[in-house]
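Report on the structure given below.
The values are calculated or read from the model by the stated rules, or taken from the named source; none is laboratory data. Computed from a predicted structure; not experimentally measured. No Cβ is skipped: glycine too gets one built from the backbone with ideal geometry, and neighbour counts run over all protein chains shown. Keep in mind that these areas ignore ligands, DNA and RNA; they rest on the heavy atoms of the full protein, side chains included. Shrake-Rupley method; radii C 1.70, N 1.55, O 1.52, S 1.80 Å.
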Amino acid sequence: MTTTTSNIAPIAHLRKAAMRPVFEPGKRYWLAVCILAAIVAWGIVAWIIQVHRGLGSAGYNNHAFWAIYIANVVTFVGVSYGGAVVSAILRLTGATWRAPLTRIAEATAVVTVLIGASFIFPHLGRPERFLELIYRPNLSSPIFWDFIAISTYAFASIVFFYLPLLPDLSVGHEQLVDKGRNRLARIYSKMSWKWNGNTRQRKLLNGSIGLIAILIIPLAVSVHSVLSWAFSLTSRPWWHESIWAPYFVVAALYSGIALVILIVALFRKIYHLEDYINERHFVRLGLILVPFGATYLYLTVADFLPGSYVGEHGVVSVFAAVIIGRYALWFWLFVFGGCILPVLIMALPWTRRIGTILIGAALVDASLWLKRIIMVVGPANYGRVSGLFGSYHFTWISISVTLAGVAAIPLLLLLVFRVVPILSITEMEEIVDHETKLLEEKLQSLKDFNHSDQISLGDPSRKIGIREIVHASSSAQLATSTSLEIQAEEI
Amino acid sequence: MSRLSQYIVATFLLASLSLVSLASMDSAFAQVVASPLTLNVTQPASTSDTLTLAASLPSNTSLNSPIHFYVTTKLFGGKHLVPIGVSSLNDGTASITYKPTWDGTQSFTATVVDPKTGATQITANASYDVISSKPAVSFANANQKNPLSHFGKGFIVALLIIVAAVWVTLLTTLFRVVRGMSKLAP
C-alpha cells in the first residue's frame, strides 16, 4: 500500500477555506473593520464640513476649479476596470489559473466603481445638484454621459460578480445549515435560485457569464473614454489631446491589475489562502502588468513629445511646468516609480518575487494617482488670459475624504467576504475535475508504457499509486497549472 | 370647530401674512431704486479692452460707504448679479476697471449701503454694449460648421439606444438566469 506524500491542500479543504471569512473571520477582523470604518466616518465628517464651508475648504479656488476629487474619480473607477476586465479576459481565454482570483477581482471591481462614483459628490461641491443629472439632464454634456457610462458599468460589474457566485451560494448554504447559521442560509438559498449543478443549469449559467464577460469589456472601455472626453470638452490646454481616451483606458487597466495584486495579497494573507494562491499567480499578474506599463510609458511619450516641440502657448506652458517646472519632481517620480521601476521588477526573472511584485504594484497605484493629480491640477491652474499659474494645495478636508475612499476599499471587501465565499468554489472544483480527467488519461498512457501501476518518484521507497498522483496533482492544479507537467516529467 | 378646520384657518392666515410682508418688501425695494447714486460706464471697449465704471454721489450726500459693483449675467442659470469689485468714495466718486469677457449688452449695477438704515442698498444701473474684437484679416472658414453638428439629436438618440440595449441585455440575462435556474431544477 502506498501513501500520498503531497503537502498540497486537498480539494476537500477548498470549501472550508472559501467559507473561512464567513465562519472564522479571526480575532482581528472586527478591529480592522472598526479602524477602517473610523477612517471612512472621519472622511464623511470632513465632507459634511466641506459642504458647510464650501469647496474652498478643500483647496479649490478660481484657478483650481477641478482638482483632487475628479482625480480620485478617474483613479478609483480606473482600478475597478482592472478587476472586471482581468476576470473577463481570463474567463474568455479559458485561463484555468484565474479560478482562485476571480471572486476577489470581481468584488474589487464592484467596490471600487461604487467608491469612485461617490467621489462625484464632493467634486460637485453642492451634492443636491447631482439630482439635476436625472431630472434636468443636459444630453450634450460629457458629465451626463459619464453618469450613464459609470452607472451602466457599475450595474454590469454587480451582475458579473453575482452570476459566478450563484453556484457557490448553493454550496455555502449546506455549510451554513451545518453550522446553524440559519438566517444567512436562508438568504443563500434564496439567492442561489435552486441551483443543483445539473448540466442544463451549468450551460445556462456559463453562457450568461460568457455574455456578460464579453459585454463588460467594451463597457469598461467606454467608461474611461467618456471620462477622458469630459476633460477634452473643458477649455484647458492639454485636456484636448486625442490620445487621452486610449491613454485613460490603458492607465485604468495598468492601475487596476496592480490593485488586484495588492488586494489578492492582502486577503491571501489574512485568510490564509496560500494553498490556493501562490507566487505563480502573482508572477502571472505581474507579467500582465508589463505590457500595460510599457504601453502607458509609450503613450506618455507620445502625449508629450509633439506638444513640447510645436505646441500652442498654453500647451507649451503646461508641458514646461510638468516636465521641467513646478510639477517636474512629481512627474518624474511617476515616470520612474510608476512605469520604469515596476515594469523592470515584473519583467526581470530574478526580481519576480511576491514581495517585490507587491512593491511594484503599490508603486503603480500611488504613481498613477499622482499622475492624475498632475493631469487635472496642472491645466486647471493655468490662466488662459494671464498665462500665469495659480496654486492648489491639499487641505485636511480633501486628504481626509481621499483617505476615506482608500480605506473604504478593504472595508467593503471585508464586509462582502464576511457574507460570501472568498474563492470560486464551483469553478475551482470544475477545473479540478476537468484536469483530473486529462491527467488520468495522460498517466494511463504512461502506465501502459511502464506496465506497472506503481510509479517511483526519485526515491524508490516512495512508491505511490496513479490515482493518488492524480488526486494530488489535481489539487495542485488549483495552485499551479504546470504542476501536472512537472509530475509527468518526473515520471 | 374641528381640529382640521382650525389648521386650515391658521394656514390661511399665515399665508396671508406672508403675502402682505412680501408686498411691503417690494415697495421698500422700489424706493431704493430711486436713489442719488449714478453709474457711468466710460471708454469704448471690445472684449479684450478695459471698461471704467464710475459711480457718483451728489456732494451734499452723507453717504460715504464703499461702492459695490456688479455685472448682470445669465450664465450658470437664471439672471443674477456677479460681484466684480468694491471701491471707496473719493470726492464723491468711486471707480473700478473691468475687462468684459463676453460681447453684447452688459448691465452693471452699483450699490452703496446707507449708514443710517444700515441694511438698505441704494442702487444705480447702467448698460454698455461691448463690441467683440474683430481680426484684421478675415478667416476664410470662419463660418465652417462643426462636422459632427449635422448628426445633432440623431447622434444622441443613437447613443441612448445603445445604452438602452446594454441595460436590456444585462437585465434580461439576469432575469433569464434567475428564472431558468428555478425552472431547470428537478
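Below is a table of values for the structure above.
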| quantity | calculated |
| --- | --- |
| Extension gain, A:Thr96 back to A:Trp42 (0.36 nm per residue minus Cα-Cα distance, nm) | 15.3 nm |
| A/B buried area, accessible surface, summed, 1.4 Å probe, Å² | 2200 |
| Which of B:Asp114, B:Asp49 is most accessible, then next, and so on - probe 1.4 Å | B:Asp49, B:Asp114 |
| The range A:20-420, dipole about Cα centre (Lys/Arg Cβ +1, Asp/Glu Cβ -1), debye to the nearest 20 | 1040 |
| B:Asn40-A:Lys27 pseudo-label distance in nm [points 7 Å out on the Cα-to-Cβ vector] | 8.6 |
| Förster radius 56 Å - calculated FRET efficiency between A:Ser391 and A:Asn196 (Cβ-Cβ, nearest 0.05) | 0.30 |
| Kyte-Doolittle at least -1.0, axis length at least 27 Å by Cα - qualifying DSSP helices, chain A | A:29-53, A:68-92, A:99-118, A:142-178, A:199-232, A:244-270, A:279-310, A:354-381, A:396-416, A:425-450 |
| Chain A, relative contact order [Cα under 8 Å, separation at least 6], % | 29 |
| Contact order relative to length of the range B:35-130, as percent, for alpha carbon pairs under 8 angstrom and 6 or more apart | 34 |
| Label point distance in nm, B:Ile162-B:Thr93, each placed 7 Å from Cα along Cα→Cβ | 6.1 |
| Amide H partners (placed H, <5 Å) of B:Asn40, local residues excluded | B:Ala54, B:Ala55, B:Ser56 |
| Area projected by the alpha carbon convex hull of chain A, averaged over all directions, nm² | 27.0 |
| Computed accessible area, A:Glu132, all protein chains, 1.4 angstrom probe, square angstrom | 60 |
| Label-point gap, in nm, between A:Ile323 and A:Val301 - each point 7 angstrom along Cα→Cβ | 1.3 |
| Cut-off 18 Å (backbone N to label point 7 Å along Cα→Cβ of A:Arg353), residues of the range A:302-342 | A:342 |
| Two-site FRET efficiency, A:Ile243 against A:Lys203, from Cβ-Cβ distance with R₀ of 35 Å, rounded to 0.05 | 0.25 |
